[in-house]
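The values are calculated or read from the model by the stated rules, or taken from the named source; none is laboratory data. Since this is a predicted model, take the numbers as computed values, not measurements. Here the Cβ positions follow ideal geometry from the backbone for every residue, glycine too, while neighbour counts run over all protein chains shown.
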Amino acid sequence: MEVRIRQSKRRRIRWRSVLIKIENNVTLILAVLFFLFPIFWITVTAIKQPGQYYNYPPIWFPKNPTLMHFKAVQTIGVKGYTALKNSFIIATSSTVSVMLLGSIAAYAMARFKTGGKNLAFMILSQRMLPPIAIVFPLFLMMRVVHFIDTFQVMILIYTMFNLPFVIWMLRSYFMEIPVEVEESALVDGCSRIGALFRIVLPMTLPGVIATAVLAYIFSWTEFLFAVIFSRIKVFTVPVAVSTFFGNEGQLWGQAGVMAVLSMVPIFVIGLAVQKHFARGLTFGSVRG
């Protein structure tokens, strides 16, 4: 009798574990479909004929896909491929600049307690400032120095707004590195800057990569400053996409093409650094 009871309990436990696995898998599949559906739909829109956008029932897979929108996106009003090039230059330059400045500032705060205890929070609080509140003063300042519609103004503004976040992130990563490691390098003749770039940054590489990716995404997708400080030379992808929607109609095909092309760099970067990125987001969260 006891043997039967034990067997029945084991069967129940097995069935429960199987049901839990099935439930988890179904939930995961639904979540993936939910997040991938917009990407699928905008990709299909990019290859649809203009008369197929408003079909009911919707056309999920167009029978005669077209690449006409990939050509039109560069020939009409705003040049889409030029916007991609501008976004790449601005996002890359601003990310390199903010990581260089942010790593030095974060190292000084982590090792020398520069500014005291509250400086880190004061710096981060600047990120809480609504960008719209300072757009007009910044515009007047940049107009005086003739920086409007230049790469310099976009790189400078994105660097300025990413800097508090980068300092906050890197400071927490640097504080996890034992001071003794750097002291050994200093004894061997390494300078402070050398210890930062040769010892600390390589040891915190996952966190540095995660911070750089987040800063790059902000610069790539930002719209407010781009639409105000750019005109006809340095317009970025978000500004280019907004021009496809107006009072006279919507160019869904061209907008779909720009959306697809703008996602490619982010996907490539994400796939290239996914291991470091996932580890970097949790770096220093658990102490031994």
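Under the condition of being outside any loop (DSSP other than H, G, I, E, B) and over 24 Å from the mean Cα position of the chain (by Cα), which residue from the stretch 74-98 is surrounded by the fewest Cβ atoms within 10 Å (Cβ to Cβ)?
Only one residue fits best here, namely THR75.
Just to be sure before I move on: is SER125 in a helix (DSSP H, G or I), modelled with pLDDT of 90 or more and not hydrophobic (A, V, I, L, M, F, W, C) in the structure I sent?
no
Going through the stretch 106-156 one residue at a time, which ones are more than 30 Å from LYS233 (Cβ to Cβ) and either in contact (Cβ under 8 Å) with a residue 60 or more places away in the chain or not assigned by TED's automatic domain parsing to the domain that holds VAL200 (or both)?
ALA106, TYR107, MET109, ALA110, ARG111
Which is over 24 Å from the mean Cα position of the chain (by Cα), basic (Lys, Arg) and under 19 Å from MET109 (Cβ atoms), of ARG192, ARG171, ARG198?
Selected residue: ARG192, the only one of ARG192, ARG171, ARG198 that is over 24 Å from the mean Cα position of the chain (by Cα), basic (Lys, Arg) and under 19 Å from MET109 (Cβ atoms).
Pairs only if they're at least six apart or on different chains, beta carbon under 9 angstrom, first in the stretch 214-230 and under 23 Å from GLY102 (Cα atoms), second among the aromatic types (Phe, Trp, Tyr) and surrounded by fewer than 19 Cβ atoms within 10 Å (Cβ to Cβ); list them, first residue then second.
From residues that are under 23 Å from GLY102 (Cα atoms), the pairs are TRP220/PHE88.
Looking at (1) surrounded by 16 or more Cβ atoms within 10 Å (Cβ to Cβ); (2) assigned to a helix (DSSP H, G or I), which is the only condition PRO137 fails?
Here PRO137 meets the rest and fails (1).
For every residue, the table says whether it meets (1) of a type outside the set (S, T, N, Q); (2) over 30 Å from ILE232 (Cβ atoms); (3) free of Cβ contacts under 8 Å to residues at least 60 places away in the same chain.
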{"residue": "TRP41", "(1), (2), (3)": "yes, yes, yes"}
{"residue": "THR45", "(1), (2), (3)": "no, no, no"}
{"residue": "GLN49", "(1), (2), (3)": "no, yes, yes"}
{"residue": "TYR54", "(1), (2), (3)": "yes, yes, yes"}
{"residue": "TRP60", "(1), (2), (3)": "yes, yes, yes"}
{"residue": "ASN64", "(1), (2), (3)": "no, yes, yes"}
{"residue": "HIS69", "(1), (2), (3)": "yes, no, no"}
{"residue": "VAL73", "(1), (2), (3)": "yes, no, no"}
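Out of the residues in the stretch 221-266 meeting the condition of being in a helix (DSSP H, G or I) and aromatic (Phe, Trp, Tyr), tell me which one is surrounded by the fewest Cβ atoms within 10 Å (Cβ to Cβ).
Among those that are in a helix (DSSP H, G or I) and aromatic (Phe, Trp, Tyr), it is TRP252.
Look at the stretch 140-168 and say how many of its residues are more than 17 Å from the chain's Cα centre (by Cα) and surrounded by fewer than 19 Cβ atoms within 10 Å (Cβ to Cβ).
Residues that pass the stated criteria total 13.
May I ask you to list the residues in the stretch 73-117 that are more than 23 Å from MET169 (Cβ to Cβ) and in contact with a Gly (Cβ under 7 Å, 6 or more places away or on another chain)?
Scanning the stretch 73-117 gives VAL73, GLN74.
Would you pick out the residues in the stretch 176-206 that are in a loop (DSSP other than H, G, I, E, B) and exposed (fewer than 14 other Cβ atoms within 10 Å of the Cβ)?
From the stretch 176-206, those in a loop (DSSP other than H, G, I, E, B) are 176-178, 188-191, 204; that's our starting set.
Matches in the stretch 176-206: PRO178, ASP188, GLY189, SER191.
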